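Enquirer: Dropping the structure in here first, questions after.
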Ligand SMILES: Cc1cc2nc3c(=O)[nH]c(=O)nc-3n(C[C@H](O)[C@H](O)[C@H](O)COP(=O)(O)OP(=O)(O)OC[C@H]3O[C@@H](n4cnc5c(N)ncnc54)[C@H](O)[C@@H]3O)c2cc1C
């Protein structure tokens, strides 16, 4: 009996084949950390299941013991949702197989796989699935929120390449959700997917891709450049996706003196079309102003992501806000310029995702993510090293966001920061939000899965 308890200190029972990391384990301190170094929490227990059966045991155990359940894939939640004081953290990092069917053009990924790992494996066979711009982000987390990356204009969002998920719901059942099985649930997981259960595997469509023409065109952030940027990029062919980042130029000897510390825009681009047409597609961008530097070159698609290092220690805090815009108008540019150049401002960056193309051709009600017609996504990111200043930096970032146009209340769940449940309404059009609340009531009426940008279950009215 004693022996049994020692082998299963979590109380999960002998059926659980994964790893249990209690607060006295040597690697507890590393295991509790997440990407946002300012999120410093102490879970009651961290468990690393090996498969969906293990996951079902953990989901049942959390409910039996009344422990708050937290799900973690890549750990990049900027709101700190993948850890928690006193929580049972279900860390999927031991589940990391990718099965590629090159003949069918599909792939199954375990929920602990990181975007860079998947991309390296699929690209070796000549295929990709669109994720974001960072390899260390979890395939599960990015997909369940939508997924906006380098191929968004050519192939749409990550959810537009999602074919099915395997999911363990709060009642312990293992289900498949796809266009034909539990289609309502499949609709919901494509944009609000952290709310309905633990997704254990995801099936994706593969797209053939070899090299891309990609890099950064660095331009001075003059008013003319900023005004023209979005129209030029929206008029480009779908094969060109760009992420212009407005920031103060670093004190980098590679940047001419007169630009250092001044507003610049790094127009990061990826052309995934035919080789002959790439330079032509980039010409209007390069004509916007004399580039300060230009690193655009042909490279294998996975080179767009830094190599994944699962042992890397998080050191940087991050505060984040997002909103969709119709255009980058003068009022918005004024706020950005004023905030970035404010005395003693933290080193924030404003990244634009210029959308349209394949993403916009999907009907708005086909997935829980519904802001298909929005042409620009603005992501305000404040990374910082001084963790002790977290509260002040969070307040500054929130104030910056509040200065931006209020009529763009729509937001993107994957880029949300430490924001309250009310702000989550902005991540979905009103009819989608109401439908999500109903779906939540059906699949998770007790809100077991609440460590996320939460959708509260619809309230049942009797009589
Ligand atoms: C540096 C950086 C770059 C980014 N770039 C992009 C980008 O280019 N495009 C983009 O769209 N997004 C991007 N994001 C946002 C990112 O997609 C989200 O933060 C995403 O939720 C992270 O997923 P994760 O698995 O790494 O995080 P986690 O913190 O592990 O999970 C995030 C949320 O999803 C839930 N969750 C995770 N796995 C599961 C599962 N299997 N089942 C149910 N719920 C689960 C968690 O509980 C949590 O609420 C970026 C974030 C960072 C920090």
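Enquirer: How many angstrom separate the Cα center of the stretch 304-382 from the Cα center of the stretch 107-122?
Expert: If you average the Cα positions of each part, the centres end up 24 Å apart.
Enquirer: Right, another one. Using Cα-only point scatterers and the Debye equation, what is log10 of I(q)/I(0) for the stretch 64-156 at each q in 0.18, 0.20 Å⁻¹, rounded to two decimals?
Expert: For the stretch 64-156, the Cα-only Debye profile gives -0.82, -0.95.
Enquirer: Each label point is 7 Å from the Cα along the Cα-to-Cβ direction; what then is the distance between the points at residue 51 and residue 287, in nm?
Expert: According to this spin-label approximation, the distance is 6.0 nm.
Enquirer: Using Cα-Cα distances under 8 Å and only pairs 6 or more residues apart, what relative contact order does the stretch 150-225 have, in percent?
Expert: Relative contact order for the stretch 150-225 comes out at 31 percent.
Enquirer: Right, another one. Using only helices, what value at 222 nm comes out for the chain when you add -39,500 (n - 2.57) per DSSP H run of length 4 or more and divide by the total residues, to the nearest 500 deg cm²/dmol?
Expert: Dividing the helical sum by the residues of the chain leaves -7500 deg cm²/dmol.
Enquirer: OK, next. Compute the whole-percent fraction of alpha carbon pairs in the chain spaced more than 43 Å apart.
Expert: Roughly 13 percent, rounded to a whole number.
Enquirer: Can you compute the FRET efficiency between residue 361 and residue 316 using 1/(1 + (r/R0)^6), with r the Cβ-Cβ distance and R0 = 41 Å? Round to the nearest 0.05.
Expert: Efficiency at R0 = 41 Å is approximately 0.65.
Enquirer: Using Cα-Cα distances under 8 Å and only pairs 6 or more residues apart, what relative contact order does the stretch 2-94 have, in percent?
Expert: Relative CO of the stretch 2-94 lands at 30 percent.
Enquirer: May I ask for the Rg/Rh ratio of the stretch 228-324, computed from Cα atoms with Rh as the Kirkwood radius, given to two decimals?
Expert: Looking at the stretch 228-324, the ratio lands at 0.99.
Enquirer: Sticking with this one: I'd like the antiparallel share, as a percent to the nearest 5, of DSSP beta bridges with both residues in the chain.
Expert: Once the DSSP bridges in the chain are tallied, antiparallel ones form about 90 percent.
Enquirer: Does anyone have the angle between helix 430-443 and the longest principal axis of the chain? Alpha-carbon axes, 0 to 90°, nearest 10?
Expert: So the inclination is approximately 20 degrees.
Enquirer: In which sequence would 17, 32 go, from the one with the fewest C-beta neighbours within 10 Å to the one with the most?
Expert: Ascending number of Cβ neighbours within 10 Å: 17, 32.
Enquirer: Right, next: Over the Cα atoms, compute the radius of gyration (one decimal) and Dmax (the largest Cα-Cα distance, rounded to a whole number) for the stretch 286-443, in Å.
Expert: When restricted to the Cα atoms of the stretch 286-443, Rg and Dmax are 18.2, 57 Å.
Enquirer: If the chain between residue 409 and residue 227 were fully stretched, how many nm would it gain, using 0.36 nm times the residue separation less the Cα-Cα distance?
Expert: 63.4 nm
Enquirer: Something else: Rounded to the nearest 5, what % of the DSSP beta bridges within the stretch 2-94 are antiparallel ones?
Expert: Percentage antiparallel, nearest 5: 30.
Enquirer: Related question: Using only the alpha-carbon atoms, how far is helix 275-286 inclined from the longest principal axis of the chain? Give it as 0 to 90 degrees, nearest 10.
Expert: Orientation of helix 275-286: about 70 degrees from the principal axis.
Enquirer: Output the relative contact order of the chain, whole-number percent, from Cα pairs under 8 angstrom with separation of 6+ residues.
Expert: Value for the chain: 16 percent.
Enquirer: Taking 45 Å as R0, compute the FRET efficiency from the Cβ-Cβ separation of residue 235 and residue 420 and round it to 0.05.
Expert: E between residue 235 and residue 420, to the nearest 0.05, is 0.75.
Enquirer: Another question, then. Name the residues of the stretch 318-353 whose amide N is less than 12 Å from a point 7 angstrom out from the Cα of residue 85 along the C-beta direction?
Expert: No residue qualifies, since no backbone N sits under 12 Å from the label point.
Enquirer: Once both axes come from the Cα atoms, what is the angle between helix 330-341 and the longest principal axis of the chain, in degrees from 0 to 90, rounded to 10?
Expert: Around 80 degrees separate the two axes.
Coordinate-derived values only; no laboratory data. Model, not experiment: these values are computed from the prediction. Don't worry about glycine lacking a Cβ; one is built from the backbone with ideal geometry, like all the others, and counts go over all protein chains shown.
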